[in-house]
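Trainee: Before I ask anything, let me first share the structure, which is written out below as structure tokens.
The values are calculated or read from the model by the stated rules, or taken from the named source; none is laboratory data. Bear in mind the structure is a predicted one, so any value in this text is a computation, not a measurement. In this analysis, Cβ positions are derived from the backbone assuming ideal geometry, glycine residues included, and neighbour counts consider all displayed protein chains. Each accessible area value is taken on the protein alone, full model and side chains, heavy atoms only, with ligands, DNA and RNA left out. Shrake-Rupley method; radii C 1.70, N 1.55, O 1.52, S 1.80 Å.
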Amino acid sequence: MHFATLLFKNLLRRKTRSLLTCCGVAIAVGTTVVLLGITDSFERATVHAFEGRGVDLVVIEEGVIDQLSSDLDEKMVQRVARLPEVKDVAPGLLDLAAFPALGSTVTALVQGWEVQGFLLQGLKITSGQGLTEPNQHAAIIGKGLADSLQKQPGDSLEIEGETFEIVGIFESFTPAENSGVVIPLPQMQRIKYRPERVTGFSVVVRQDGGDTAAVDRVRRQISKLVDEQGKSGRMVAQPVRDYVQASGHIRIAHAMAWMTSVIAIVVGAIGMLNTMIMSVVERVREISILRAIGWKKSRVIRMILGESLIISMVGATLGSLGAIVLSQGLARWPAVQGMIDGSIGPPIVAMGFLMSTLLGLVGGVYPALRAARLLPAEGLRHE
Amino acid sequence: MNRPVGREVLLETRGLSRLYPDGQVQALRDVSLSIHLGEYVAIMGPSGSGKSTLLTALGAIDRPTTGEVLFAGQPLSQHPNLDALRATQIGFVFQSFHLLPTLTAVENVQIPMFEMPWSSTQRTSRARDLLEQVGMSHRCDHLPSRLSVGERQRVAIARALANRPQLLLADEPTGNLDSQTAEEILALFANLHQTIGMTLVIVTHSDEVARSAQRCIRLRDGRVVEDSGTVVS
């Protein structure tokens, strides 16, 4: 008989209790994995939206946390474009808008882009046509949003109280954009009452011969640019991954995911602690007998900790599988369709198992030490 | 007296006393005795006379309040590793068997073997040999709940022999058995004593068990009052 066989058989004595504790751990780990997975997926999708277009730097207003709260002078775009190592620049003005859909509302990102800019090149028109004129009172919408709003080319869409004609439905290389709307930049500036203003711009750097240092040089040059009056442009250029990781909504999503995960893990650990203490209390005489027949304290500790780790590993497996299924289901949910891809990366699953191991150790260590302190004579006194 | 002459002393107690922490019960009072290697000793006495307390002190399970127990000449109070001593030198048989309910007979016998440097295969093989030795080879894979009380005690004896101990301590091993099964268990003990020369110390209320032993120590109120027919006080 292997030592592990003994641990499994001990746990099977109280099948229901062991199963319920496994379920508690599974919920804790599943919550952690699904929340961290969604946040990670969202972050990856955002990074992909930039990197997929070859963007090296994202420029926003100095001192703000993301594009939504940024405000820059559109004239600065030309100054950045004139930098010798800059290959292309695409300004954008973006905001969130709510659209009525079947008794509820769908919130979507509305992007004001230049109709000749490289950002539009990442969108494949699957129905209707694309944007062609800056003054066109038209919009193209992502496939996911079109499905949610049940819209097609020729229909109208109300944005900020103005009616736009939907001229096309697009599908982006990055699913995150499929739940958004794109209108010409001048139209967005007009309806937002922000003429000649943008929320940020994407910069593609010329990296001849793989000169990756060029990105850093351009970044520093942008931060030193001044406007027509010689005042600081108040711009900060960040590499795409730095920008995404520092952006407010990603950080808030991370913080909420971790906070919720920690609460779930603490609750799981309390459940584990309760189960293992009960298990030790029930087996006082048995553990004393094991000590009487020569088991070392360390072996008793290994037995109790081993049992709690088995519960936590089974719980982690169930929780991770549940999280993957839930995440896949969530990715198909219309309200978040396109925002996340539903995949959970191995590092996130590994993180779930690591947290579960900690949970097992935290929940098992006190009962294990308590069991090891039992005197060998304890069991015989009850004879 | 049947005490073997010229043999090595395996166990010795010097002025052993045990006062339980509540301060009300003095279970042992100044007990001094020697048990030689290969002896078969019965400890008798009325309930509360200190028999089981003496057994736990001899087996390094409990510490005396005063006095000393020596195992093979070494004081237990100075022994560096009592767990290892119990695991390798002493086997215990309890009145209530104390088998783990979810393990089969052959698995129960392997429990003490985890303290030995043996592989899983070696443990299983030895456990089957021991069960054969106690006449239980046909019940190896049965759970304790499927065994009779006599069979459970045989498994418990096999477990006590798991790590080839020098000393076997048994606390009322026939207390829960009918007379025929008790006879079978006594025959098993006698066989162990005769064939491998094992030192046996058995706590019992039974005159029959006492008669099967070479030597009988009687306790009353925590004192030795008789040792193999020799009245001590």
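Trainee: Could you check, for segment A:126-135, whether at least one of its residues is of a type in the set (A, V, I, L, M) and open to solvent by 70 Å² or more (accessible area, probe 1.4 Å)?
Mentor: Kept after step one, since they are of a type in the set (A, V, I, L, M), are these residues of segment A:126-135: A:131.
Those still in the list that are open to solvent by 70 Å² or more (accessible area, probe 1.4 Å) too: none.
Checked against the condition, which is being of a type in the set (A, V, I, L, M) and open to solvent by 70 Å² or more (accessible area, probe 1.4 Å), segment A:126-135 yields no hits at all.
Trainee: Which numbered condition trips up A:Ser202, out of (1) touching a residue at least 60 places away in the same chain (Cβ under 8 Å); (2) surrounded by fewer than 17 Cβ atoms within 10 Å (Cβ to Cβ)?
Mentor: Against the list (1) touching a residue at least 60 places away in the same chain (Cβ under 8 Å); (2) surrounded by fewer than 17 Cβ atoms within 10 Å (Cβ to Cβ), A:Ser202 comes up short only on (2).
Trainee: Go through (1) in a helix (DSSP H, G or I); (2) open to solvent by less than 20 Å² (accessible area, probe 1.4 Å); (3) out of contact with any Lys or Arg (no Cβ under 9 Å at 6 or more places or on another chain) for B:Gln180 and report which single condition fails.
Mentor: Unmet condition: (2).
Trainee: If you go through segment B:69-84 one residue at a time, how many are more than 8 Å from chain A (Cβ to nearest Cβ) and open to solvent by less than 40 Å² (accessible area, probe 1.4 Å)? Even if it seems obvious, please write down each step before you answer.
Mentor: First, pick out the residues of segment B:69-84 that are more than 8 Å from chain A (Cβ to nearest Cβ): B:69-82.
When the remaining residues are screened for being open to solvent by less than 40 Å² (accessible area, probe 1.4 Å), the result is B:69-71, B:75-76, B:82.
Adding up the residues that qualify gives 6.
Trainee: Shifting gears a bit: Name every residue in segment A:289-307 that is open to solvent by less than 30 Å² (accessible area, probe 1.4 Å) and either of a type in the set (Asp, Glu) or within 9 Å of another protein chain (Cβ to nearest Cβ) (or both), in order of residue number.
Mentor: Within segment A:289-307, the first condition is being open to solvent by less than 30 Å² (accessible area, probe 1.4 Å), and the residues that meet it are A:289-295, A:299-300, A:303-304, A:306-307.
Those that are open to solvent by less than 30 Å² (accessible area, probe 1.4 Å) and either of a type in the set (Asp, Glu) or within 9 Å of another protein chain (Cβ to nearest Cβ) (or both): A:Ile289, A:Leu290, A:Arg291, A:Ala292, A:Ile293, A:Gly294, A:Trp295, A:Arg299, A:Glu307.
Trainee: Another one. State whether the residues of segment A:271-281 include one that is more than 14 Å from chain B (Cβ to nearest Cβ), more than 30 Å from B:Ala84 (Cβ to Cβ), small (Gly, Ala, Ser) and touching a Gly at 6+ places or on another chain (Cβ under 7 Å). Steps first, answer last, please.
Mentor: Start the filter on segment A:271-281 by keeping residues that are more than 14 Å from chain B (Cβ to nearest Cβ), which leaves A:271-278, A:280-281.
Checking the rest, the ones that are also more than 30 Å from B:Ala84 (Cβ to Cβ) come to A:271-275, A:278.
Then keep just the ones that are small (Gly, Ala, Ser); that gives A:271.
Still in the list and also touching a Gly at 6+ places or on another chain (Cβ under 7 Å): A:271.
Yes, that holds for at least one residue.
Trainee: Looking at B:Phe92, is it open to solvent by less than 50 Å² (accessible area, probe 1.4 Å), under 22 Å from the mean Cα position of the chain (by Cα) and at the interface with another protein chain (Cβ under 7 Å from one of its Cβ atoms)?
Mentor: Yes.
Trainee: Can you give me the ranges of the helices (runs of 4 or more DSSP H) entirely in segment B:56-171 with at least 1 residues that are more than 27 Å from B:Glu39 (Cβ to Cβ) and free of Cβ contacts under 8 Å to residues at least 60 places away in the same chain? I'd like the intermediate steps shown before the answer.
Mentor: Details: elements: B:82-89, B:105-110, B:120-133, B:149-160.
Helices (runs of 4 or more DSSP H) meeting the threshold: B:105-110, B:120-133, B:149-160.
Trainee: Sticking with this one: Would you be able to tell me the number of residues in segment B:95-118 that are modelled with pLDDT under 95 and out of contact with any helix residue (DSSP H, G or I) (no Cβ under 8 Å at 6 or more places or on another chain)?
Mentor: 3
Trainee: Given (1) part of a helix (DSSP H, G or I); (2) open to solvent by 60 Å² or more (accessible area, probe 1.4 Å), where does B:Arg29 come up short, assuming only one miss?
Mentor: Only one criterion in (1) part of a helix (DSSP H, G or I); (2) open to solvent by 60 Å² or more (accessible area, probe 1.4 Å) is unmet by B:Arg29, namely (1).
Trainee: Considering A:Phe3, A:Phe42, which residue is over 27 Å from A:Gln111 (Cα atoms), open to solvent by 10 Å² or more (accessible area, probe 1.4 Å) and aromatic (Phe, Trp, Tyr)? Please lay out each step first, then the result.
Mentor: Values: A:Phe42 fails: over 27 Å from A:Gln111 (Cα atoms).
Of the residues listed, the single one that is over 27 Å from A:Gln111 (Cα atoms), open to solvent by 10 Å² or more (accessible area, probe 1.4 Å) and aromatic (Phe, Trp, Tyr) is A:Phe3.
Trainee: Turning to a different aspect of this structure: Failed condition for A:Arg219, given (1) open to solvent by less than 10 Å² (accessible area, probe 1.4 Å); (2) not assigned by TED's automatic domain parsing to the domain that holds A:Ser343, with all others met?
Mentor: Exception for A:Arg219: condition (1).
Table: residues versus (1) open to solvent by 20 Å² or more (accessible area, probe 1.4 Å); (2) out of contact with any strand residue (DSSP E or B) (no Cβ under 6 Å at 6 or more places or on another chain); (3) more than 30 Å from A:Thr31 (Cβ to Cβ); (4) not in a strand (DSSP E or B).
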residue	(1), (2), (3), (4)
A:Val182	no, no, yes, no
A:Gln187	no, yes, yes, yes
A:Pro195	yes, yes, yes, yes
A:Val215	yes, no, yes, yes
A:Glu228	yes, yes, yes, yes
A:Ala237	no, no, yes, no
A:Asp242	yes, yes, no, yes
A:Ile252	yes, yes, no, yes
A:Met256	yes, yes, no, yes
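Trainee: Can I ask one more? Which residues, counting only those in segment B:95-133, are in contact with a Ser or Thr (Cβ under 8 Å, 6 or more places away or on another chain), at the interface with chain A (Cβ under 7 Å from one of its Cβ atoms) and farther than 25 Å from B:Thr56 by Cα?
Mentor: Within segment B:95-133, B:Glu107 is the sole residue that qualifies.
Trainee: If we scan segment B:34-55, do we find a residue that is open to solvent by less than 30 Å² (accessible area, probe 1.4 Å) and closer than 24 Å to B:Ile111 by Cα? Lay out the reasoning, then the answer.
Mentor: Initial filter on segment B:34-55 (open to solvent by less than 30 Å² (accessible area, probe 1.4 Å)): B:35-36, B:38-45, B:49-51, B:53-55.
From what is left, the residues that are closer than 24 Å to B:Ile111 by Cα are B:55.
The answer is yes; a qualifying residue exists.
Trainee: Limited to segment A:105-135, what total is found for residues that are in contact (Cβ under 8 Å) with a residue 24 or more places away in the chain and either under 16 Å from A:Leu93 (Cβ atoms) or assigned to a strand (DSSP E or B) (or both)? So that I can check it myself, show each step before the final result.
Mentor: Let us first name the residues in segment A:105-135 that are in contact (Cβ under 8 Å) with a residue 24 or more places away in the chain, namely A:106, A:108-115, A:117-131, A:133-135.
Of the ones still in play, those that are also either under 16 Å from A:Leu93 (Cβ atoms) or assigned to a strand (DSSP E or B) (or both) are A:106, A:108-115, A:117, A:119-120, A:123-128, A:131, A:134-135.
Adding up the residues that qualify gives 21.
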